[in-house]
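Everything on this sheet refers to the single structure shown next.
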Amino acid sequence: MSKAIIMTGNSAAALAAKMCRIQVVAAYPITPQTSITEAISNYVESGELKAEYVRVESEHSALTVCIAASTVGARAFTSTSSHGLLYMHEQVHWAAGSRLPIVMCCVNRGVGAPWSIFNDQQDSVSQRDTGWIQLYCRDNQEIIDTVIQAYKIAEAVSVPVMVCYDGFVLSHTMMPVVVPMQEQVDAFLPPLKTSGHLDTANPRNINPVVFPWRRADSQGVMRDGYMEIRYKLHSALNDARGVITQVNGEYARVFGRDHGGLLWDYNANAAEILIVAMGSIASESMPAIDSLRAQGINVGLIGVRAFRPFPKLEVREKLAGAKAIIVLEKAISYGHDGALACELKAALYGSAVRVPFHSYVAGLGGRDVNAKEIEAAITDSLKQIAEGNLEPPTHWLNCRTE
Amino acid sequence: MIYKDFNIFSAATSALGELGKTGDWRDLKPIIDYGKCIPVVKDKPSCFLCWLYCPEGVVSSSSPPRIDYDYCKGCGICAEECPAKAITMVEESK
Ligand code: SF4
Ligand code: SF4
């Protein structure tokens, strides 16, 4: 029997990584991620997890170790936050360009300057174009389940997966989590039977310089140029949409929990006002939705789980009946709009959905965003829309802007 | 893995010139004047600084030393290092 245990998001992530029987882990401490790797080092020390725990001097090295491990076919794991993620940025690109199925937890935290150890999603959102799959979790149950799914997805499409969840709000908050049974996880995620990119019988040099054009190698075999290799990465991310949905479905059948694949929704069927959000701000919006519905306002919620690949068609479908769209998010594309708002507007271009669109940037650097404030923001937006303010610039929620 | 494509990332079999013949990068071609080259003049294995310094490993440590022009990139390090000034960099004819 699976059992529910009360645990933090970081404990859930560490436990999931252990249950995936990761073989190599390398990480560098950074708040609020540290307790994941502390837990994993305990598992390794106690012999509960047979893995190589490589101590490194930086996040750049942590991901580099995972890249090396994954290159020879090991199941590799790391986790980081904020400046740690930014410090490994070069290797974040490198892992994707090398098509390695690494899974990394990004425990979302704001980035400096000014220094903040508190939560927002600017860190992982800023890694949008590195070629990683990015999945955002709304609660600790979803974290344990998503890490397990992430390996299955990564290994199917040969693309690394970043499992993102909000620092402190989830990472350090206790909630009940149903822990899957190890035998079920083993059956769902069999060992990686591959020597990775390397093969002792056929030695190769990985990632030599390539040319702008295709070119014959020393054996006269045509090798792809930079653009072909990058096009294949792009295609793999596009293919990953189907794989994420399929893996989610398979997971739901085996473990009885369906997190929605690319997207999830709450009271969204036939809702006229649709709220779109990602991560814990989406789950925080649920009580606000309940309260507004109790007041007779026909509002529903869409949670974006996959930020990359972005579920363009699925978003269009979900928003097809909307009379107004309100986005709540914890990241901004400076000088433009909220990051998720940009994606949604781009996804809707050319569709029949042409409705008032408000977006809120909220909770940057850990500023509290609670259901009451979300409810007030939605109510205010609906009032503004009724007054004809149909598509204002991004609002800064709870922020002194005068 | 669903990807059977060998070419989803950049790879090459380790070999001389694994990327193909890179000699076509060259603008200047090193030409050794064996009349000045120390091992040839002394008729015994000696010097070979061109072999030692060549970053591409395309000079042989034989007497006379020979340059593999399929892969020599024309950097001119050998000419710079040659103590006998036996190597001249000659512009590639178009
Ligand atoms: S020019 Fe450069 S690459 Fe060519 S032989 Fe001399 S040192 Fe080697
Ligand atoms: S460095 Fe000059 S002298 Fe020495 S072996 Fe090479 S060509 Fe001859």
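Odds and ends about this structure:
- Count of residues meeting criterion [at the interface with chain B (Cβ under 8 Å from one of its Cβ atoms), in a loop (DSSP other than H, G, I, E, B), open to solvent by 40 Å² or more (accessible area, probe 1.4 Å) and in contact with a strand residue (DSSP E or B) (Cβ under 9 Å, 6 or more places away or on another chain)] in the range A:193-209: 3
- Residue within the range A:210-221 that is open to solvent by less than 60 Å² (accessible area, probe 1.4 Å) and outside any loop (DSSP other than H, G, I, E, B) present: yes
- The listed residue being assigned by TED's automatic domain parsing to the domain that holds A:ASN267, farther than 29 Å from A:ILE143 by Cβ, free of Cβ contacts under 8 Å to residues at least 60 places away in the same chain and under 26 Å from the mean Cα position of the chain (by Cα), out of A:ALA320, A:ALA347: A:ALA320
- Filter pass, A:PHE255 being crowded, with 23+ Cβ neighbours inside 10 Å, of a type outside the set (Asp, Glu) and closer than 20 Å to A:ILE148 by Cβ: no
- Residue-level analysis places A:THR146 outside the set of residues that are more than 25 Å from A:ALA252 (Cβ to Cβ), open to solvent by less than 10 Å² (accessible area, probe 1.4 Å) and β-branched (Val, Ile, Thr).
- Some residue of the range B:74-92 being out of contact with any strand residue (DSSP E or B) (no Cβ under 8 Å at 6 or more places or on another chain), away from ligand 2 (no atom under 16 Å from the Cβ) and in contact (Cβ under 8 Å) with a residue 24 or more places away in the chain: no
Results for (1) within 7 Å of another protein chain (Cβ to nearest Cβ); (2) at pLDDT below 85; (3) open to solvent by less than 50 Å² (accessible area, probe 1.4 Å); (4) under 20 Å from the mean Cα position of the chain (by Cα), shown as yes or no for each residue.
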{"position": "B:MET1", "(1), (2), (3), (4)": "yes, yes, no, no"}
{"position": "B:LYS4", "(1), (2), (3), (4)": "no, yes, no, no"}
{"position": "B:ILE8", "(1), (2), (3), (4)": "yes, no, yes, no"}
{"position": "B:LEU16", "(1), (2), (3), (4)": "yes, yes, no, yes"}
{"position": "B:LEU19", "(1), (2), (3), (4)": "yes, yes, yes, yes"}
{"position": "B:THR22", "(1), (2), (3), (4)": "no, yes, yes, yes"}
{"position": "B:LYS29", "(1), (2), (3), (4)": "no, no, no, yes"}
{"position": "B:ILE32", "(1), (2), (3), (4)": "no, no, yes, yes"}
{"position": "B:PRO39", "(1), (2), (3), (4)": "no, no, yes, yes"}
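- Taken together, the criteria place B:PRO64 among residues that are more than 14 Å from chain A (Cβ to nearest Cβ), farther than 19 Å from B:GLU18 by Cβ and within 8 Å of ligand 2 (Cβ to nearest atom).
- Taken together, the criteria exclude B:ASP43 from residues that are surrounded by fewer than 16 Cβ atoms within 10 Å (Cβ to Cβ), within 14 Å of chain A (Cβ to nearest Cβ) and either among the hydroxyl-bearing types (Ser, Thr, Tyr) or more than 8 Å from ligand 2 (Cβ to nearest atom) (or both).
The values are calculated or read from the model by the stated rules, or taken from the named source; none is laboratory data. Owing to the predicted nature of the structure, the values given are computational and were not obtained by experimental measurement. Note: ideal-geometry Cβ built from the backbone for every residue, glycine included; neighbour counts use all protein chains shown. Accessible surface areas use protein heavy atoms only, side chains included; no ligands, DNA or RNA. Shrake-Rupley method; radii C 1.70, N 1.55, O 1.52, S 1.80 Å.
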